[in-house]
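First the structure, in the form of structure tokens, and then the observations on it.
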Amino acid sequence: MTETDKSLLVVHNLSVAFGTKDNPFKAVDRVSFHVEEGEVLGIVGESGSGKSVSSLALMGLIDFPGRVTADELRFKTTDLQTLNEKARRKITGDEISMIFQDPMTSLNPSYTVGNQIMEAIEVHQGGSKKERMTKAIDLLRQVGIPAPESRINSYPHQLSGGMSQRVMIAMAIACDPRLLIADEPTTALDVTIQAQIIELLLKLQREKQMGLVLITHDLALVAEAADRVVVMYAGQIVETGPASEIFKAPKHPYTQALMNSLPESSEGKDRLNALPGVVPGANDRPQGCLLNPRCPYATDRCRVEEPEQYGPRGRQVKCFYPLDESGRPTV
Amino acid sequence: MTMTSETQTTVRMPQTPLAEFWSYFIQNRGALIGFCFIVFIVLLAIFANFVAPHHPHEQFRDFILVPPAWAEGGNAQFWLGTDGVGRDILSRLIHGARLSLLIGLVIVSVSLVLGICLGLIAGYFGGFADVAIMRFSDILLSMPALLLAIAIVAILGPSIVNSGLALSLVYLPHYVRLTRASVLTEINKDYVISSRVAGAGALRLMFIVILPNCLAPLIVQATLGFSNAILDMAALGFLGLGAQPPLPEWGSMLATAREFIQSAWWVVTFPGLIILVTVLAFNLMGDGLRDALDPKLKQ
Amino acid sequence: MSEPIMNQTASAESTKKAPIMSGVGLKQHYPVKQGFMKPPGLVKALDGVNFSVEAGKTLAVVGESGCGKSTLARLLTMIELPTEGELNFEGKNLLTLDRETRKELRQRIQIIFQNPYGSLNPRKKVGSILEEPLVINGKLTKAERKERALNLLQKVGLKPEHYDRYPHMFSGGQRQRIAIARGLMMNPKVVVADEPVSALDVSVQAQVLNLMMDLQQELDLAYVFISHDLSVVEHIADKVMVMYLGKVVEYGATEDIFTHPQHPYTRALLSSTPRIDPEHRIEKIQLTGELPSPLNPPSGCAFHGRCEFANERCKVETPALKDKTGESSVACFGIDENRLPYIDR
């Protein structure tokens, strides 16, 4: 699938830089992707890969001293970069919503759940208090909260983590957004609750034909939930493609290494296939391909030259020697 | 081991906490100025005998109420003029720095040490000890500070030591509360528990494991407390309850100069000025310390 | 009350190898104030748990938050003392020993925490963090302590120059290595690892797990590995104990549990774990509802409210942990009554 004029969101060469002008640290480096209506895009990466920063940049939530630049940042037909802050806030509230990792801190502890949902409705849609109340109860029902009529008067601390995340989802879909960005929505939750929340997100996404961007460090979760996947490493996209293809035959050594380091992939073996080293930080990014110190296949070329995105649109890989079907590098 | 590359060191050697603190601290210009001024005053106090042109008690009967050197009728012998009995004001101020700083230091140390001990006990043991200590400090806090100090001095008799003691007691609750609050946030952290698993006893946990992590706010409070101590000491001195004449304490210098406010401005102005500047310096440094020590203000 | 059934299991095993550490009927109840003028409630964080672990083996304790697995970790390392029960280490009941012996034995049981950012004292250098247990307990000289610290630093894959650094200079994975090294300073026999890799990135997670397995082989350590991540558990554990609301619901060899889960809860847990390989996925079982509050647990089987196979008996009676074939045991009436459709016989 490639981007078209009908694409819901098109991001082209988005960069976010921190630090001084002379010595910038690019938390996100020339990232391009697009989201279609009714599809789930998974963005995976380890901590420090820039996956959360990119989503914050999309929402216009990067504050000084961060600097956001992009060749294109288009939502439907609107160029987000040309909008003033107020107009942009209107779009990000009405049509793009976001869910964060920790539901416990995303809700204001001083107000009831109903209050917070109704405020979200009021800001974007208005309506009388009674209408908003009915809508809020309906939303809580949609996200599977039992007895919404009484739950609406609860304070956040009276809810469990799973319930709070459901409330967050209710607030996020309050304005019928076309695009929902979920940043590690289940990391703070238990497995059985995680399964419930993901199922709920996917169900809502299908029903409303929303675009869903699922940002997570959990490869297996993305493998199960996403249609297309973007793999990020140290601020750059290293591989993109349909989930089924990426997880069947990864083309980038990093994706392969990530998959191999999962215990699931080492069944019956004594040791896990660990990827040595850590994601480079602000001061120790290597020259050439950013993965080269950790990559088992790295050559001298990788240590000097930075690879571009190779491959057909929709199935790209940022590597000089993409892996073939059997998982070996092509030369 | 196969994971040797894990240990690849970063190019830039990370800073030690002290170096990091210092680099943050010197970024704050006000704090640096305050710090420099304090160093200057401390040096003056230490070398008072060599710096001061005269003995602080020496009375020059021929030169009573001489204005500062640059003013009309001034005398180059007495830069800042003389007071009502002919003592050199500059010399008295320099020697007074010694006294004031010493008092500040003693008051702050006494209340800091006591406060830390009580706060650690209250936070670490909880239960009855906690209730007893905290209610005691609530009682101390519920009385106006200076009034409490005056009451204590009135009981013990006016002297510089007694007023020091009184002020230490007045400041004590601040340190107790601060210590207790930090202890409560630290005590359930995993590193404390792992020390417990290693078999550390109560004293070790309190003073070696937990205390260093509670020090940052205490250092800030102590610095700010220093300026409070100097101010309150001056106030007690002004009321005649602190240093007794002829000791050159800044507050009592102000007090004895009251009668000359109309006629000889310099007798009042200079002690007042030095109190102001010193207190300001300590406050500036305290703010700087807070910024540099508070991890929340760093990125 | 659950009978000490697993004790029999343990004694059956003991013909092969005596467990280095075991617990019988461990209970931990906390009184909770429920408000002014109300009677205090009782949270049964652990309610009659038996376990045993052998040297060189790993017992995994699995469950969701609030199931009591972290309480168990605190009991094992004697950060807390249980309300009731026995805790045996090398054949001696730790809870009835005199203080000196207990202190001595306690050093042989160490703990590794989940969050490597909180478990190292931020104001101390790595060297003094590592040596602290020796300073407290040991009679070693300063030079000997340093030698041992350097030795262990190298063993966990760090370098001697790291000895003089502060914890904030390290990445999460490196900190967890330091925490492991610290745990090993006193030559422990049992290491309780409370979610040791959950806070780490996938690639680093694999490094740390490998390190733990290497150390286990080299030092013949027994691990009590507490985790919510079943894919990690499947790889590292020999035995698995599944807990739900303070009770053990299923216990058995790792392979049995992962290939033939018996308890409906175990099955739901397994199916909820995401898998990369579509062939590894099993049909998702959506559990309805959330974990009940431990302050107010349901009557009967604690799981009945979320269990699709529950019947009237489950709502009233509490199932006991019963031995199944081999070394496994399950607490479920459904199995006794042959009404779990997924178990073929």
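Of C:Ile257, C:Ile112, C:Ile285, which has the largest mean-square fluctuation in a 10 Å C-alpha GNM of chain C?
Between C:Ile257, C:Ile112, C:Ile285, it is C:Ile285 that shows the largest mean-square fluctuation.
Can you give the accessible area per residue of the protein assembly as shown, in Å², using a 1.4 Å probe? Please list the in-between numbers first.
On the way: 43060 Å² over 975 residues.
Spelled out: the 1.4 Å probe surface of the protein assembly as shown, per residue, equals 44 Å².
Looking only at C:Thr71, C:Thr288, C:Thr254, which one moves most when chain C is put into a Gaussian network model with springs between Cα atoms under 10 Å?
Maximum fluctuation in the GNM of chain C, among the listed residues, is at C:Thr288.
What distance in nm lies between label points placed 7 Å from Cα along the C-beta direction at A:Thr134 and A:Thr77?
Result: 3.4 nm between the two label points.
Once fully extended, how much extra length lies between B:Arg29 and B:Ala202, figured as 0.36 nm per residue of separation less the alpha-carbon to alpha-carbon distance?
Taking B:Arg29 through B:Ala202 to full extension adds about 58.1 nm, to one decimal.
Please report the buried accessible area for the interface of C with B, total over both chains, probe 1.4 Å, in Å² to the nearest 100.
2900 Å²
Given a Förster distance of 35 Å, report the FRET efficiency between B:Ile219 and C:Arg102 from their Cβ-Cβ distance, rounded to the nearest 0.05.
0.35
Points 7 angstrom from Cα along the Cβ direction at A:Arg206 and A:Asn13: gap in nanometres?
Modelled inter-label distance: 4.0 nm.
Counting alpha carbon pairs within less than 8 Å and at least 6 residues apart, what relative contact order, in whole percent, applies to chain A?
Relative contact order here is 20 percent.
May I ask you to rank A:Val68, A:Val53, A:Val229 by accessible area, largest first, using a 1.4 Å probe over the protein chains only?
Descending accessible area places them as A:Val68, A:Val53, A:Val229.
Which of the helices in chain B, when you take each full DSSP H run, stretch at least 24 Å along the axis at their Cα atoms and have an average Kyte-Doolittle score of 1.6 or higher?
B:29-46, B:89-125
Rule-of-thumb check for chain A: C-alpha Rg over 2.2 N^0.38 Å?
On the way: Rg = 20.8 Å, N = 331, 2.2 N^0.38 = 20.0 Å.
Dividing the Cα Rg of chain A by 2.2 N^0.38 Å gives 1.04.
Along its principal axes, what span do the Cα atoms of the stretch A:80-206 show, with the longest given first and each in whole Å?
Ordered largest first, the stretch A:80-206 gives principal extents of 43, 32, 29 Å.
Run the numbers on the stretch A:45-63: which residues show a drop of 40 Å² or more in accessible area, chain on its own versus all protein chains together, using a 1.4 Å probe over heavy atoms?
A:Glu46
As an exercise, identify the trypsin sites (Lys or Arg not before Pro) in the stretch C:60-151 lying in DSSP coil whose Cβ has no more than 15 other Cβ atoms within 10 Å. Intermediate results must be reported in sequence, preceding the final value.
On the way: sites: C:Lys69, C:Arg74, C:Lys92, C:Arg99, C:Arg102, C:Lys103, C:Arg106, C:Arg108, C:Arg123, C:Lys124, C:Lys125, C:Lys139, C:Lys142, C:Arg145, C:Lys146, C:Arg148; in loops: C:Arg108, C:Arg123, C:Lys124, C:Lys125, C:Lys139.
Of the trypsin sites (Lys or Arg not before Pro), the ones in loops of the stretch C:60-151 whose Cβ has at most 15 other Cβ atoms within 10 Å are C:Lys139.
Chain B: longest stretch without exposed GluC sites (Glu not before Pro) (DSSP loop, at most 16 other Cβ within 10 Å), sites themselves excluded?
B:73-299
Ranked from the most accessible area to the least, with a 1.4 Å probe and all protein chains present, what is the order of A:Ser110, C:Ser70? Could the numbers behind the result be given before it?
Working: A:Ser110 80, C:Ser70 55 Å².
These residues rank, largest area first, as A:Ser110, C:Ser70.
Please label the shape of the stretch A:1-105 as rounded, prolate or oblate, based on the square roots a ≥ b ≥ c of the eigenvalues of the alpha-carbon gyration tensor (a/c under 1.5 means rounded; beyond that, a/b larger than b/c means prolate, else oblate).
Rounded, since a/c falls under 1.5.
Keeping all protein chains in position, work out how much accessible area A:Glu119 exposes to a 1.4 Å probe, and write it in Å² to the nearest 10.
110 Å²
Provide a whole-number value for the mean count of partner chain Cβ atoms within 10 Å of the Cβ atoms in peptide A:264-270.
For peptide A:264-270, the averaged partner shielding equals 5.
Of the accessible area of the stretch C:263-314, with the probe set at 1.4 angstrom, what percent is carbon plus sulfur?
52 percent
Please arrange B:Trp70, B:Trp22, B:Trp250 by accessible surface area, largest first, computed with a 1.4 Å probe and ligands excluded.
Descending order: B:Trp70, B:Trp22, B:Trp250.
About the Cα centre of the protein assembly as shown, how large is the charge dipole given +1 on each Lys and Arg Cβ and -1 on each Asp and Glu Cβ? Please answer in debye to the nearest 20.
1380 debye
Just the number, please: buried accessible area between C and A, total of both chains, 1.4 angstrom probe, nearest 100 square angstrom.
Approximately 3200 Å², summed over both chains.
Percent relative contact order of chain C, based on C-alpha pairs within less than 8 angstrom and at least six residues apart? Before the final figure, lay out each step's value.
Values: 622 pairs, mean separation 69.7, N = 345.
That works out to 20 percent.
Please report Rg over Rh for chain B, where both radii come from the alpha carbon positions and Rh follows the Kirkwood definition.
Ratio value, two decimals: 1.09.
Considering only protein heavy atoms and a 1.4 Å probe, what is the carbon-and-sulfur percentage of the accessible area of chain A?
Roughly 51 percent, rounded to a whole number.
Springs between alpha-carbon atoms under 10 Å, Gaussian network over chain B: tell me which of B:Cys36, B:Cys214, B:Cys117 tops the mean-square fluctuations.
Checking each option, the largest mean-square fluctuation is seen for B:Cys36.
Between the chain alone and the structure with every protein chain in place, find the residues of the stretch C:215-235 that drop at least 20 Å² of accessible area; heavy atoms, 1.4 Å probe.
The answer is C:His228, C:Ser231, C:Glu234, C:His235.
Per 0.36 nm of contour for each residue apart, how much would the distance between B:Gln77 and B:Arg135 grow if the chain were fully extended, relative to their Cα-Cα spacing? Intermediate values should be presented prior to the final figure.
Numbers: separation 58, 0.36 × 58 = 20.88 nm, distance 5.60 nm.
Stretched fully, the B:Gln77-B:Arg135 segment lengthens by 15.3 nm.
Tell me, what are the semi-axes, in whole angstrom and largest first, of the equivalent ellipsoid of chain C as set by the roots of 5 times the Cα gyration tensor eigenvalues?
That gives 36, 23, 20 Å for the three semi-axes.
How large is the Kirkwood hydrodynamic radius of the stretch C:238-345, counting all unique pairs of alpha carbons, in Å?
14.4 Å
Compute the accessible area of each residue in the stretch C:260-283 twice, once for its chain alone and once with every protein chain present, using a 1.4 Å probe on heavy atoms, and list those whose area falls by at least 30 Å².
C:Ser272, C:Pro274, C:Arg275, C:Ile276, C:His280, C:Arg281
Quick one: helix C:202-219 against the long Cα principal axis of chain C, what's the angle to the nearest 10°, folded into 0 to 90?
The answer is roughly 80 degrees.
Could you compute how much accessible area chains B and A hide from each other, both sides summed, with a 1.4 Å probe? Nearest 100 Å² is fine.
Counting protein atoms only, the buried area is about 500 Å².
If the only charges are +1 at each Lys and Arg Cβ and -1 at each Asp and Glu Cβ, what is the size of the charge dipole of chain B around the Cα centre, to the nearest 20 debye?
Numbers: 16 positive and 17 negative charges, 112 e Å.
The calculated dipole for chain B is roughly 540 debye.
Would you please calculate the Kirkwood hydrodynamic radius of the protein assembly as shown over all C-alpha pairs and express it in Å, rounded to one decimal?
32.7 Å
The values are calculated or read from the model by the stated rules, or taken from the named source; none is laboratory data. Note that the structure is a prediction, hence the values are computed from the model and not measured. Positions of Cβ are backbone-derived with ideal geometry, glycine not excepted, and every protein chain shown enters the neighbour counts. Each accessible area value is taken on the protein alone, full model and side chains, heavy atoms only, with ligands, DNA and RNA left out. Shrake-Rupley method; radii C 1.70, N 1.55, O 1.52, S 1.80 Å.
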